[in-house]
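The values are calculated or read from the model by the stated rules, or taken from the named source; none is laboratory data. Fair warning: this is a prediction, and the values are worked out from it, not measured in the lab. For neighbour counting, all protein chains shown are included, and Cβ atoms are generated from backbone atoms with ideal geometry for every residue, glycine included.
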């Protein structure tokens, strides 16, 4: 079962997508704090992180995820800037788009690991 870290300042969005991702079979940790997410990275391993571009502390968190080779899906306002993330999904989006983007990043990550 793939482990996802979902980081967003909007707690309602965290609850909603946390439940939907769990229903899709992902083990999901959610937090509204980049500092808490970084602390989780020290203790746990994740296969993918979903991070809102408006998240305070986003840049440091994305660097920490990159250092651990965790792919990052950035939830963005459509500015086109990835901020070091592997992919972006522009607001507004449907849950199916989030699931497809997550699956694509996870598949690509698995292929890169197999090729090493």
With respect to residue 13, is the statement that it is surrounded by 14 or more Cβ atoms within 10 Å (Cβ to Cβ), out of contact with any helix residue (DSSP H, G or I) (no Cβ under 8 Å at 6 or more places or on another chain) and modelled with pLDDT of 95 or more true?
no
Of everything in region 78-109, what is loosely packed, with under 13 Cβ neighbours inside 10 Å and either modelled with pLDDT of 75 or more or in a helix (DSSP H, G or I) (or both)? Give them in sequence order.
91, 92, 94, 96, 97, 107
Could you tell me how many of the residues in region 58-68 are free of Cβ contacts under 8 Å to residues at least 24 places away in the same chain and surrounded by fewer than 17 Cβ atoms within 10 Å (Cβ to Cβ)?
3
Could you tell me whether residue 49 is part of a helix (DSSP H, G or I), touching a strand residue (DSSP E or B) at 6+ places or on another chain (Cβ under 6 Å) and modelled with pLDDT of 95 or more?
no
Looking at 5, 73, which is the one that is in a strand (DSSP E or B), surrounded by 13 or more Cβ atoms within 10 Å (Cβ to Cβ) and in contact (Cβ under 8 Å) with a residue 60 or more places away in the chain?
5
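Residue by residue through region 28-46, note down the ones that are in a helix (DSSP H, G or I) and in contact (Cβ under 8 Å) with a residue 24 or more places away in the chain.
Across region 28-46, the qualifying residues are 34, 37, 38, 40, 41.
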